[in-house]
Amino acid sequence: MKITLAGTPGSGKSTLRSLLAEHYNLEVRGTGDFMRKISKQHGYNDITKFLIEYVSKHPEVDYQIDEEQRLFGEQNEDFVLDAHLGFHFVPDSIRICLTCNYEESAYRILADKERTTEAAKTISDSMETGKKRWETMRKNFLSLYKVDLDDPSNFDLMVDTTCLSSAEVFERVSTFIDEQTTSL
């Protein structure tokens, strides 16, 4: 089973990928983890600054990450891939998108003590950072691949997580996955 997760910052992708991996015994990959590693290599502690200031001018970073996820999807079977363009590079996956409004997203990001590459310290700064990050990624992907992250037709399932607990999100997504896999 191949599952790809996309979505706005703070929508719960990392939490969901862990829950899905455990439930379905899947390997986990996340391009965000890889991007954070690369950002630190280039001297950026803030992922949004890295995307805006560096990646926008160096498309080879996107190409490097995208080729890695394409090859991973081609060469592996049982995984959940947390990748904004996973649906595009692994088209034979179950394609899921999580969304969340910017205010709730900001609260979640600021509360996540494991995020060490986010510079925002206030809700309003985090909201602004989330908007800039999403807009930059969307613009970059439109330019590089003619793929719009905001187009719902790219996904098999979209879930607005703003008012949902991680357990509720998991329940909706796993029910959908079970329905998809039993109908095959």
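Of all residues in the stretch 13-31 being part of a strand (DSSP E or B) and not charged (D, E, K, R), which is farthest from Glu171 (Cα to Cα)? The qualifying residue farthest from Glu171 (Cα to Cα) is Gly30.
Looking across the stretch 32-66 at every residue that is at pLDDT 85 or above and part of a loop (DSSP other than H, G, I, E, B), the one that is nearest to Gly10 (Cα to Cα) is identified as Asn45. In the stretch 81-102 there is at least one residue matching the filter, namely being modelled with pLDDT under 85 and part of a helix (DSSP H, G or I).
Residue-by-condition table, conditions (1) more than 19 Å from Lys131 (Cβ to Cβ); (2) touching a Gly at 6+ places or on another chain (Cβ under 6 Å); (3) without any contact (Cβ under 8 Å) to a residue 12 or more places away in the chain:
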| position | (1), (2), (3) |
| --- | --- |
| Ser18 | yes, no, yes |
| Lys37 | yes, no, yes |
| His42 | yes, no, no |
| Asn45 | yes, no, no |
| His58 | yes, no, yes |
| Asp62 | yes, no, no |
| Val80 | yes, no, no |
| Leu85 | yes, no, no |
| Val90 | yes, yes, no |
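In the set (1) in contact with a strand residue (DSSP E or B) (Cβ under 6 Å, 6 or more places away or on another chain); (2) over 16 Å from Thr8 (Cβ atoms), Gly86 fails one condition alone, (2). The set of residues from the stretch 129-162 being hydroxyl-bearing (Ser, Thr, Tyr), in a helix (DSSP H, G or I) and surrounded by 15 or more Cβ atoms within 10 Å (Cβ to Cβ) comprises Thr129, Thr136. Gly10 passes every criterion in (1) buried (at least 20 other Cβ atoms within 10 Å of the Cβ); (2) assigned to a helix (DSSP H, G or I); (3) within 13 Å of the chain's Cα centre (by Cα) apart from (2).
The values are calculated or read from the model by the stated rules, or taken from the named source; none is laboratory data. In this text, all values refer to a predicted model and were calculated from it rather than measured experimentally. Using ideal geometry, Cβ is built from the backbone for each residue, glycine included, and neighbour counts are taken over all protein chains shown.
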